[in-house]
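Here is the structure we will look at, set down as structure tokens.
Any read-out appearing in this document is the output of simple, stated calculations on the displayed coordinates, not a laboratory observation. Because the structure is a prediction, the values reported are computed rather than measured. Heads up, the Cβs are rebuilt from the backbone with ideal geometry, glycines too, and the neighbour counts pull from every protein chain shown.
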Amino acid sequence: MKIIRGLLIIAVVIAIGCAHVETAASVRETVSSIIDRLRTTATPEELVAMTPEQALPYLTEEEKEILGTEHLTFTVNVPVVVSVFRDVTQGEVPFWLEEREFQKGSARVQVEDEHFEVWSRPFPAGTVGLGVNSIGGGGDHYFVSIAPVSPQAEVVVSDIHPEQHTLGKMKVGEPVYAGSGDRIAALPEALEGQILLRGDSGRRREAQITGVFQVTEYPATVQPDQILLTWSDDPRTTQTIQWRTNTEVTSGNVRYLEAARAAQAQAADWRVVPAVTVPLKNDILVNDPVCHRHTAVLTGLQPGTTYSYAVSDASTRGWSAAAEFTTAPAEPVSFSFIYQGDVQMGFDGWGKLMETAREKHPEAAFHLLAGDLVNRGNERSYWDSFFHYSGGIFASRPLVPCLGNHEYQHYQPPWMYLEMFTLPENGPETIPPECAYAFEYSNVLFVVLDGNLPASDQAQWLEEQLANSDATWKIAMFHQPVYSAGPYRDNPEIRELWGTLFDKYHLDLALQGHDHAYLRTYPMFGDQRVAGPAEGTIYIVSFSGMKMYELGEHEYTEFGMERIPTYQVLDIDAETNTLTYRAYDVEGAVRDEFVIQK
């Protein structure tokens with residue numbers, strides 16, 4: 001059932017969230033076919049080390065024709081000279097430039113602080129087809145200029161596909177990428193005024209077939225691992241449990257019992273729930289391309305109760321080591337939870353942060369992660385490292401994740417995230433299931449949003465969640481910040497649409513990531529600083545991995561810091577209606593704190 005739903009999700013995400021990066025089906029299919037063939041004709045060692053030059057002989061002439069002509073197409077009304085501007089740091093020269101008799105010139109164009117060399121050739125009037133950026137994945141995407149062969153002719157460019165490749169003019173200050181701020185800093189006089197056909201930086205690795213093959217350091221075995229608690233329904237009465245094995249294990253079960261009875265329990269006392277088992281396939285893994293994911297949903301649980309559980313190892317008909325989970329309370333009680341921003345990379349450093357959090361805050365009920373859990377969300381080796389360095393903490397404390405841009409790897413659907421995590425399906429009907437959701441725990445409403453998909457598609461649902469909840473506290477989590485920590489980033493649509501609703505219904509906290517620096521805003525209302533948290537929302541940006549960015553100077557910043565990964569503990573006191581927030585570093589030292597009293 002999960003795998004069928006996953007296929008539907010992918011289709012919907014392509015239609016809704018990724019329409020602006022549509023790839024020609026023939027290119028996608030060709031790349032997939034080449035990767036499948038390479039797996040069967042080269043050794044694992046050859047695959048991992050293969051260069052673009054070594055891969056080319058494996059391509060058929062038909063495949064080279066598709067990859068050399070169908071990545072970017074457009075129509076011109078008169079004969080033209082087409083110039084392709086290639087990143088000089090790319091290393092690999094796209095095979096189709098030389099094979100199609102493009103000539104390399106001596107001129108260069110400077111974009112920001114990077115340089116691009118010029119490859120040109122004439123084309124007759126009609127359709128012009130250009131090839132993929134690279135089969136090795138290196139360098140920035142190329143951009144294009146178009147000039148008439150006859151100086152008196154007027155060029156009309158039409159039928160651009162994919163359509164996000166917009167037109168401009170070759171001049172200093174002009175952006176060379178659709179949706180990006182990278183601008184021309186210097187160019188030869190001869191190129192000035194020519195038609196600019198912008199590239200799309202998100203498509204630069206679209207046809208990558210080398211440098212993609214990987215060896216996971218943590219392959220699946222017959223022993224259950226990556227045991228994970230999430231919620232896909234009411235946290236008071238249900239618990240979802242997921243785990244992984246290799247393909248020798250074709251089924252699994254969860255057994256569970258109230259922890260108070262577990263020590264004296266007989267075999268017949270345990271309740272057993274069968275799992276749904278589906279394959280998770282990732283062809284780029286040369287040593288473990290397919291594993292089995294097992295998911296069981298326990299229902300009819302008692303609120304505020306601790307349960308002991310184990311998952312089955314079908315190969316030996318034994319059970320994993322016992323672990324415990326605790327259901328959400330039926331009535332408001334005091335509790336704490338942990339929130340972190342981007343992990344993304346540097347899992348060993350993040351693992352040390354997790355060790356500190358577990359040692360110093362064992363009472364935390366669950367963990368929130370605000371997106372970019374891994375660097376490449378559709379490559380399983382990253383997830384294998386993520387789970388390994390988590391130290392097994394998610395086997396006893398539920399994980400509440402949201403989608404970051406790196407789960408949408410290269411703007412593709414986040415299919416692996418959606419297959420990895422079983423989450424609530426109570427989000428907006430206008431976006432795929434599990435991308436946004438909401439739940440209540442004690443006296444807190446948690447709303448999880450997807451900043452990668454249109455904010456407008458989630459605004460009505462968000463308003464319904466905030467308006468219809470009588471929870472004492474209202475907290476939202478999403479990846480792209482309303483108020484950015486970095487000096488050059490901004491998300492005006494999210495601020496305009498969601499920020500207005502946060503003001504209207506008094507959101508207490510927005511927990512975010514994305515910018516890889518630490519930021520806490522003043523309480524904000526109507527895009528202005530206000531006197532205190534009773535009048536506005538506090539916005540947090542944090543990160544927990546080893547990727548670090550510059551912190552910008554902003555009028556909305558009350559506290560910020562760079563290059564210090566943190567975890568945050570939020571304590572909710574139900575008796576005094578107090579929220580205490582503290583940010584801790586890897587040593588467990590408090591780096592930031594505040595209190596909200598209602």
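Points to keep in mind about this one:
- Rounded to whole numbers, the Karplus 3J(HN,Hα) couplings from phi for the stretch 145-159 are 10, 10, 9, x, 5, 8, x, 7, 7, 9, 8, 10, 9, 9, 6 Hz, using 6.51 cos²θ - 1.76 cosθ + 1.60 with θ = phi - 60°, and x at Gly and Pro.
- Fully extending the segment from residue 166 to residue 490, taken as 0.36 nm per residue of separation minus the present Cα-Cα distance, adds 114.5 nm.
- Gyration tensor verdict on the stretch 331-597 (Cα atoms; rounded if a/c is under 1.5, prolate if a/b is larger than b/c, oblate otherwise): rounded
- Segments 228-236, 446-454 sorted - mean Cβ within 10 Å per residue, highest first: 446-454, 228-236
- The HN-Hα couplings worked out from phi for the stretch 419-435 by the Karplus form 6.51 cos²θ - 1.76 cosθ + 1.60 (θ = phi - 60°) are 7, 6, 10, 9, 10, x, 10, 9, x, x, 6, 7, 10, x, x, 6, 6 Hz, whole numbers, x standing for Gly and Pro.
- Overall form of the stretch 300-448 per C-alpha gyration tensor (a/c, 1.5; a/b vs b/c): rounded
- Cα-Cα P(r), the stretch 2-203, percent of pairs per 10 Å interval: 8, 32, 34, 19, 6, 1, 0
- Loop sites in the stretch 282-378: trypsin sites (Lys or Arg not before Pro), DSSP, at most 10 other Cβ within 10 Å: 317
- The amide H of residue 592, built 1.01 Å from its N in the peptide plane, has 583 as neighbours under 5 Å, considering only residues 5 or more places off or on other chains.
- Pairs of lysine residues in the chain - Cα separation under 23 Å, sequence separation of 8 or more or cross-chain: 9
- The protection proxy used here, the mean number of other Cβ atoms lying within 10 Å of each residue, ranks peptides 526-532, 278-284, 394-400 as follows, highest first: 394-400, 278-284, 526-532.
- In nm, spacing of pseudo-spin labels at residue 251 and residue 530 (7 Å Cα→C-beta vector): 5.7
- Across the stretch 591-597, computed HN-Hα scalar couplings (Karplus, 6.51 cos²θ - 1.76 cosθ + 1.60, θ = phi - 60°) run 9, 7, 7, 7, 10, 10, 10 Hz from first to last residue, x flagging Gly and Pro.
- In terms of its alpha-carbon gyration tensor, the stretch 44-124 comes out oblate; a/c meets the 1.5 threshold, while b/c is at least as large as a/b.
- Virtual spin-label span in nm between residue 89 and residue 149, 7 Å along Cα→Cβ: 3.8
- Between the stretch 543-558 and the stretch 169-220, the alpha-carbon center distance in angstrom: 26
- Over the chain: helical MRE at 222 nm, DSSP H runs n ≥ 4 each giving -39500 (n - 2.57), nearest 500: -5500 deg cm²/dmol
- Quick note on the chain: its Rg to Rh ratio, both from C-alpha atoms and Rh being the Kirkwood radius, is 1.01.
- Between residue 287 and residue 106, full extension at 0.36 nm per residue minus the direct alpha carbon distance yields a gain of 60.7 nm.
- Under 15 Å, Cβ to Cβ, from residue 443 - net charge with Lys/Arg +1 and Asp/Glu -1: -4
- Amide H to amide H distances under 5 Å link residue 402 with 369, 371, where only residues 5 or more positions off or on other chains count and H is placed in the peptide plane.
- Other residues whose C-beta falls under 11 angstrom from the C-beta of residue 376 contribute a net charge of -1, scoring Lys and Arg +1 and Asp and Glu -1.
- Computed FRET value (nearest 0.05) for residue 550 with residue 174, which takes r as the C-beta separation and R₀ as 25 Å: 0.45
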